[in-house]
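S.K.: Once you've had a glance at the structure underneath, I'll fire off some questions.
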Amino acid sequence: MSYELRQKRAHTMVAELGLPRPLTAELLHRHMETVRGKKIVVQSAPPGMLGAGLCGLWVAVAGESFERIHHAPTSSVVHRQQFINHEYGHMILNQEQELLSAEQIALLAPLIPLDAIVYALSRTRFSDEQEALAEAIGDELALIMLRDGPEAAHGTKTGFGQVL
């Protein structure tokens, strides 16, 4: 799919969500819980997961009434939110989760009993269409939050230290 078509599809899918406005990270989180019909717990990824090159993971565990998003730790609030938005992108696409390898599952062992993992969708590369579309959806969500932010009411700020 071309970049333009992917961006258009992402825009359409996000527009169909009926997001609350002005959109904040907290409102987006609550809206996604409503869309999914369950609580979504967001946590930093364990060191083993990061060592294996995973920077984001969406996982459900048997017996739990919630889903989990694990993201790479970062001191940047914007970067952290983009990891989360990407995983929301997968949820919005309502993709079937892929089975993880035994090695990938072992990375979660300190956090989740191995026999309890029902499904998981991991993010390790950015080259396939599924990942590109999830990232485009994540970007669309980020743009909406940026436009709806408190600074937006006072006009666009540009200059050193600002995102241009």
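The values are calculated or read from the model by the stated rules, or taken from the named source; none is laboratory data. Everything numeric in this text was worked out from a predicted model, so none of it was measured. Backbone-built Cβ (ideal geometry, glycine too); neighbour counts: all protein chains shown. With ligands, DNA and RNA removed, areas are computed over all heavy atoms of the protein, side chains included. Shrake-Rupley method; radii C 1.70, N 1.55, O 1.52, S 1.80 Å.
S.K.: Is the shape of segment 1-72 best called rounded, prolate or oblate, per the rule: a/c under 1.5 gives rounded, else a/b larger than b/c gives prolate, else oblate, with a ≥ b ≥ c the square roots of the Cα gyration tensor eigenvalues? Please report the intermediate quantities before stating the final value.
M.R.: Working: a/c = 2.15, a/b = 1.30, b/c = 1.66.
Cα axes put segment 1-72 in the oblate bin.
S.K.: Run the accessible area of segment 1-91 with a 1.4 Å probe and give the carbon-and-sulfur part as a rounded percent.
M.R.: On the way: 2590 of 4530 Å².
Roughly 57 percent of what the probe reaches on segment 1-91 is carbon or sulfur.
S.K.: OK, next. Using modelled backbone amide H atoms (1.01 Å from N, in-plane), which distant-in-sequence or interchain residues come within less than 5 Å of residue 24's amide H?
M.R.: For residue 24, whose amide H was placed from the backbone, there are no distant partners under 5 Å.
S.K.: Also, I was wondering about something else. Can you pull the accessible area of residue 1 for me, 1.4 Å probe, Å² to the nearest 10?
M.R.: The accessible area comes out at roughly 100 Å².
S.K.: Still on this model: Under 9 Å from the Cβ of residue 133, count the other residues' Cβ atoms, weight Lys and Arg +1, Asp and Glu -1, and hand me the total.
M.R.: On the way: positive: 6, 9; negative: 129, 131, 135.
Computed value for this residue: -1.
S.K.: Search the structure for amide H atoms under 5 Å from the amide H of residue 67, placed 1.01 Å from N in the peptide plane, and list their residues when 5 or more places away or on another chain.
M.R.: Those lying under 5 Å, H to H, from residue 67 are 39, 40, 41.
S.K.: Given a 1.4 Å probe, how much area per residue of segment 1-52 is accessible, in Å²? List each step's numbers first, then the result.
M.R.: Numbers: 3230 Å² over 52 residues.
Accessible surface, normalised per residue, equals 62 Å².
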